[in-house]
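First the structure, in the form of structure tokens, and then the observations on it.
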Amino acid sequence: MFHSSITKFAAVAFGAALLAQGASAQNQAHTPVKIIIGFPAGGALDNLARAMAEKLRTELGRAVIVDNKPGASTHIALMTVKRAPADGATILISPAPPFVTHPLTYDKLQFDPDKDLIPVAHLADTPLVATTSAASPYSSMREYLEWVKKNPKETGIGMVSMGGVLHFGVLQLNQERGLSLMPVAYKGAPPMLTDEIGGVLPVGMDTVASAGELEKAGKIKYLGVPGTERTKLLPNVPTFKEQGVPGFDQASSWYAAYVPTGTPKAVVSQLEKAMIHIVQDPAFAAKMAQGGMVTTGRPGAEVTSLIKTQREASRPIVEKSGYRATQ
């Protein structure tokens with residue numbers, strides 16, 4: 001009788017454990033996945049994140065929402081993900097600077113870009129382009145550099161943030177050519193492009209997405225693209241390197257996904273596979289191209305390698321410039 005009671009108790013306990021495990025799995029399935037980004041709604045990264053969320057719902061069989069947390073040079077978003085449970089339910093999609101240049105330009109960071117987050121996948125390149133007013137007397141970056149020698153007061157190069165690849169590209173160009181081009185920070189692409197069109201700013205640099213409509217309207221013209229390869233979005237626009245303009249070989253802009261360190265490898269692998277599958281889909285790629293992005297779909301290990309390569313390439317330029325970032 002006593003043995004029978006123990007057997008019944010064990011069976012009940014085992015059944016309760018199974019129910020609890022099932023309830024936990026069910027609760028997890030009903031808990032939405034959050035994609036965190038450090039920018040407000042409406043921009044290129046927001047468009048990518050929302051398109052990704054829509055596709056991930058099908059891939060993961062779970063609700064997926066986008067949570068915009070702009071501010072502090074995207075560090076608020078990054079810290080939100082760093083502090084989240086390491087269960088794959090909180091994902092950061094971020095541009096490169098917090099991982100590539102911020103460790104070189106900030107005296108103190110609240111996060112360790114190499115230890116606090118795990119790269120999941122490289123999602124998209126966001127091609128950059130130099131632009132000027134359609135009325136400018138120069139039509140390439142090489143022509144501008146020749147022109148500025150004769151007009152040394154016209155040295156402003158506009159950009160929407162300091163401490164990134166474009167900023168350091170300008171500084172390196174100055175170092176190599178003995179120039180004094182002046183990086184000028186804007187709060188966004190629209191005011192920068194307005195100053196270009198008005199003849200206030202000689203040259204601006206930003207994403208292809210921000211400049212495309214104005215170029216089509218004949219308000220601005222393209223001078224060249226940074227980096228070592230032409231972009232698929234502007235196949236007829238030559239690179240700076242082709243024009244003999246140094247300093248911008250590492251000036252690439254891209255988005256990647258990350259999860260908190262400690263996330264199980266199986267979960268990271270599932271997310272990596274799902275995200276790569278999504279961005280490599282031709283229909284998804286075409287939709288992102290309309291927004292000025294070239295989808296990629298490369299594994300997280302390649303993101304880690306890219307971060308290290310670009311950071312080390314930027315290090316001597318940053319150190320020589322003496323530039324320090326402020327929050």
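Computed from the coordinates by the stated procedures, all read-outs in this text should not be read as laboratory data. Note that this is a predicted model, so its numbers are computed, not measured. Note that we place each Cβ from the backbone using ideal geometry, even for glycine, and neighbour counts take in every protein chain shown.
Modelled spin labels at Glu154 and Lys108, positioned 7 Å past Cα toward Cβ, are 4.6 nm from each other. Short to long, the 5 Å bins of the Cα pair-distance histogram for the range 114-197 hold 3, 12, 19, 23, 18, 10, 6, 4, 3, 1 percent of all pairs.
Within the shell of other residues whose beta carbon sits under 14 angstrom from the beta carbon of Asp67, the net charge comes to +3, with Lys and Arg scored +1 and Asp and Glu -1.
Taking 18 Å as the cut-off for C-alpha to C-alpha distance, list the pairs among Lys69/Lys108; Lys82/Lys108; Lys82/Lys187; Lys232/Lys308; Lys34/Lys308; Lys82/Lys115 that go past it. Checking Cα-Cα distances, Lys69/Lys108; Lys82/Lys187; Lys232/Lys308; Lys34/Lys308 exceed 18 Å.
Checking the a/c ratio against 1.5 first, then a/b against b/c, what shape does the Cα gyration tensor give for the range 35-139? Taking the square roots of the gyration eigenvalues as a ≥ b ≥ c, the range 35-139 is oblate.
A Stokes-Einstein calculation at 20 °C with viscosity 1.002 mPa s, built on the Kirkwood radius of the range 173-302 over Cα pairs, returns a diffusion coefficient of 123 µm²/s. Gain on full extension, evaluated as 0.36 nm per residue between Asp281 and Ser269 minus their Cα-Cα distance, stands at 2.5 nm.
Stretched out fully, how many nm does the piece from Lys187 to Ala313 gain, at 0.36 nm a residue minus the Cα gap? Roughly 42.7 nm would be gained on extension. Annotation for Glu143 and Glu242: the two label points, set 7 Å from Cα along the Cα-Cβ direction, are 1.5 nm apart.
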